Amino acid sequence: MNFPEIAANLPPGVRAETFTYRNGRTTTVYRAPFPSEGPLRGIWDGYEVLLFMYAHFVFVWPKAAGQVDVRHGTFAKSLLLFENVPIEGEWGAETLRLFGVRWARDHLAKFRL
């Protein structure tokens, strides 16, 4: 079942993809971008850190550290998933953003069917 009135009023970043099967049946799938926030500079457990959230994975990178902690949730509330994940590059927002996006996509790809 298709809903053209929905497709015309999609939120920013959401796109509709329609697939047609050999039997003529069609299905519309709505794809939305992963939420993201940051990178931000802040204090975490008394340490200066950079924080970045992508797809509800929160990356916490202490200044001068060669590893990040990966959490799940939001900046305000998250659960630790992986400690001391190696990261290379200069401590900075763009380095963390690129790392976080790549890490999250690679991690989620493990669960594709």
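What to note about this one:
- Considering segment 55-91, and only residues there that are touching a residue at least 40 places away in the same chain (Cβ under 8 Å) and open to solvent by less than 20 Å² (accessible area, probe 1.4 Å), the residue that is nearest to I43 (Cα to Cα) turns out to be F59.
- Matching option when the condition is at pLDDT below 95 and in contact with a helix residue (DSSP H, G or I) (Cβ under 9 Å, 6 or more places away or on another chain), among T27, T18: T18
- Strands (runs of 3 or more DSSP E) wholly inside segment 1-93 containing at least 2 residues that are farther than 16 Å from W103 by Cβ: 15-20, 26-31, 36-44, 47-54
- Taking each residue of segment 14-29 that is touching a residue at least 60 places away in the same chain (Cβ under 8 Å) and looking for partners that are in a loop (DSSP other than H, G, I, E, B) and surrounded by 11 or more Cβ atoms within 10 Å (Cβ to Cβ) with beta-carbon atoms closer than 6 Å, six or more apart or interchain, yields nothing.
- Set P35, P11, P62: member being closer than 23 Å to R105 by Cα and modelled with pLDDT of 95 or more: P62
- Failed item, numbered, when A16 is tested on (1) open to solvent by 40 Å² or more (accessible area, probe 1.4 Å); (2) within 15 Å of the chain's Cα centre (by Cα): (2)
- Y47 vs. criteria among the hydroxyl-bearing types (S, T, Y) and in contact with an Asp or Glu (Cβ under 9 Å, 6 or more places away or on another chain): no
- Single residue of R15, R25 found to be touching a Lys or Arg at 6+ places or on another chain (Cβ under 8 Å) and charged (D, E, K, R): R15
- L98 on the phi < 0 side of the Ramachandran plot, open to solvent by 50 Å² or more (accessible area, probe 1.4 Å) and without any contact (Cβ under 8 Å) to a residue 12 or more places away in the chain: yes
- In the set (1) part of a strand (DSSP E or B); (2) at pLDDT 95 or above, H107 fails one condition alone, (1).
The values are calculated or read from the model by the stated rules, or taken from the named source; none is laboratory data. Predicted model only: the values in this text are computed from it and were never measured. Here the Cβ is made from the backbone with ideal geometry for all residues, glycine too, and neighbour counts use every protein chain on show. What goes into the accessible areas is simple: the full protein's heavy atoms, side chains included, and nothing from ligands, DNA or RNA. Shrake-Rupley method; radii C 1.70, N 1.55, O 1.52, S 1.80 Å.
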